[in-house]
Amino acid sequence: MSINRLKEDLIELGRLGRKNQVETRNYEDLDMDKGLWRLEGNEQSKVSKDFIISKMKEAGLEVRFDRVGNIFGRKVGTDPNKRAVMSGSHLDSVKNGGQFDGPLGVISVLEAIRIMNEEGFQNERPIELSIFVGEEGSAFYQGLIGSEVLVGDKTYDEVEKIKNDEGKPLKEVLKDYRSDYEFDINSVEYFIELHPEQGPVLYNENTPIGIVEEITGITWVKAVIYGQENHSGTTPMNSRKDPLVAASDVVSFTDERVKELLSKKGGQTVATVGKFEVYPSATNIIPGEVELGIDIRDKVDENIKLIRNDIIKTIDGLESKYQVKTQVETLFHKPPSPCSKEVVEAIYKASETLNIQTRRMSSGAAHDAQNIAKKVKTAMIFVPSVDGISHSPFEWSRWEDLEKGVNVLTQTLKNLSQY
Ligand code: HGY
Ligand code: MN
Ligand code: MN
Ligand code: MN
């Protein structure tokens, strides 16, 4: 396998995903201005999709788009009656994100297929490369929407209508990268996603490969707090309706409540107020409204619901405390998702064949794989994230780790395509 070809493709995708198209080849040349802004429908997203589609065609894949812009590339097998082995990830990034979260799981499958082509490997099952739309929720605010449609958690009709920040529906935003085709998940037997761990475990242990047995549960809550926009100089403190003071209660409550739960029960609950938008945001104006995006995760679904309900209660209590109005919406909820033992063992066997050290683990990040796992035997392969950093311009994985990841993925796909 040629790590250089994989490396060139990943670097080119990284270049296409940045605002000013700068190139980043090594960890040393990263800085805060070099994040990716590949949001569904923007220019970076379009040129990146064009790049990938041309590479998929070069590799001889039949490329198809479905109704919500998921992209599929099929390598036909010698036995078309057998259900496919699917592998893939997402291309979209978070705002100012890293260059491996998503694209690694796409380019790695492309590279595996190119290797099979060069070796003349005859896969019995079809091999399906999948690129899921809108995984990060950075353009359409709800995450994992492309893979949700494939397993029926949302319908094609619902997702086509989801609006972006400009109020445009997905169907319009992605009109050049969609068709009326609906993908049938029952045509798939196995699914694997190769992904950076996005946490510190593998890197700190210096273990090259993680085999994911379980993926975290996750819920996103959107809250808007409406106050009374007013003059900062002429409005006495006791007659204000300040949504920003009210919103700051939510931030400190979220942090304190999770730490209290952890001190009582231990575990790995996390909660983050990652989105905090003040309107109109000027030094001499008491804000009119504040929008919060709250992300809650745990391997235990009950804990997610407990924290979410307590946060919602706190938000409801703001109305009397600060004379503000509030609106709260749970955008989506995914329970913790176990992976398939059969696929976990298949990844382990492939790693043993290649004499590559592995460890089993759970995922703190959410993934399309947790949706697909509802209908298809699924597992994930992790590679180390340098310093455990992700969702940041400083996200990085070492090329020698990626080489091992792609080799394990290739061997696993070969094995599963012959079962
Ligand atoms: O948010 C996540 O965990 C994933 O990276 N979308
Ligand atoms: Mn991500
Ligand atoms: Mn990801
Ligand atoms: Mn993912």
Exactly one of E193, E197 is closer than 18 Å to S337 by Cα and open to solvent by 10 Å² or more (accessible area, probe 1.4 Å), and that one is E197
Yes/no for E291 being in a helix (DSSP H, G or I) and either free of Cβ contacts under 8 Å to residues at least 24 places away in the same chain or open to solvent by less than 70 Å² (accessible area, probe 1.4 Å) (or both) | no
Picked from the range 143-170 (must be under 25 Å from I53 (Cα atoms) and among the polar types (S, T, N, Q)), the residue most open to solvent (accessible area, probe 1.4 Å) is N164
Heads up, the strands (runs of 3 or more DSSP E) in the range 315-419 (entirely inside) with at least 2 residues that are touching a Ser or Thr at 6+ places or on another chain (Cβ under 7 Å) and more than 18 Å from G102 (Cα to Cα) are 325-334, 358-363
Practice problem: Assess whether G73 counts as being closer than 22 Å to V343 by Cβ and in contact with a helix residue (DSSP H, G or I) (Cβ under 7 Å, 6 or more places away or on another chain). | Solution: yes
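Take the range 134-158 and flag every residue that is away from ligand 1 (no atom under 13 Å from the Cβ) and under 26 Å from N42 (Cβ atoms).
V149, L150, D153, K154, T155, Y156, D157, E158
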If we keep only residues of the range 191-206 that are of a type in the set (D, E) and not in a strand (DSSP E or B), then the residue farthest from ligand 3 (Cβ to nearest atom) is E205
Checked the range 179-190 for anything outside any loop (DSSP other than H, G, I, E, B) and crowded, with 16+ Cβ neighbours inside 10 Å; matches are I185, V188, E189, Y190
Of the candidates D249, D176, the one satisfying the condition of being closer than 27 Å to I294 by Cβ, in contact (Cβ under 8 Å) with a residue 40 or more places away in the chain, outside any loop (DSSP other than H, G, I, E, B) and among the acidic types (D, E) is D249
Can you say whether P384 is over 18 Å from V109 (Cβ atoms) and surrounded by fewer than 24 Cβ atoms within 10 Å (Cβ to Cβ), as far as the supplied structure shows?
no
Expected single match for in contact with a Cys (Cβ under 9 Å, 6 or more places away or on another chain) and either at pLDDT below 95 or farther than 20 Å from Q198 by Cβ (or both) among K377, K321, K341, K414 is K377
*Say whether the condition of being more than 11 Å from ligand 3 (Cβ to nearest atom) and not polar (S, T, N, Q) is met by at least one residue in the range 101-109.*
yes
- Message: G97 - would you say it is more than 24 Å from T410 (Cα to Cα), within 13 Å of ligand 3 (Cβ to nearest atom) and open to solvent by less than 10 Å² (accessible area, probe 1.4 Å)?
- Response: yes
Per the filter on the range 207-240, residues in a loop (DSSP other than H, G, I, E, B), among the β-branched types (V, I, T) and crowded, with 21+ Cβ neighbours inside 10 Å are T216
A careful count of residues in the range 81-94 that are buried (at least 24 other Cβ atoms within 10 Å of the Cβ) and closer than 21 Å to N186 by Cα gives 7
The correct count of residues that are in contact (Cβ under 8 Å) with a residue 12 or more places away in the chain and of a type in the set (D, E) in the range 109-164 is 8
Checking A350, A379, A365 in turn, the sole residue that is within 14 Å of ligand 1 (Cβ to nearest atom) and on the phi < 0 side of the Ramachandran plot turns out to be A365
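The values are calculated or read from the model by the stated rules, or taken from the named source; none is laboratory data. Source: prediction; values computed, not measured. We place every Cβ from the backbone using ideal geometry, glycine too, and count neighbours over all the protein chains shown. Each accessible area value is taken on the protein alone, full model and side chains, heavy atoms only, with ligands, DNA and RNA left out. Shrake-Rupley method; radii C 1.70, N 1.55, O 1.52, S 1.80 Å.
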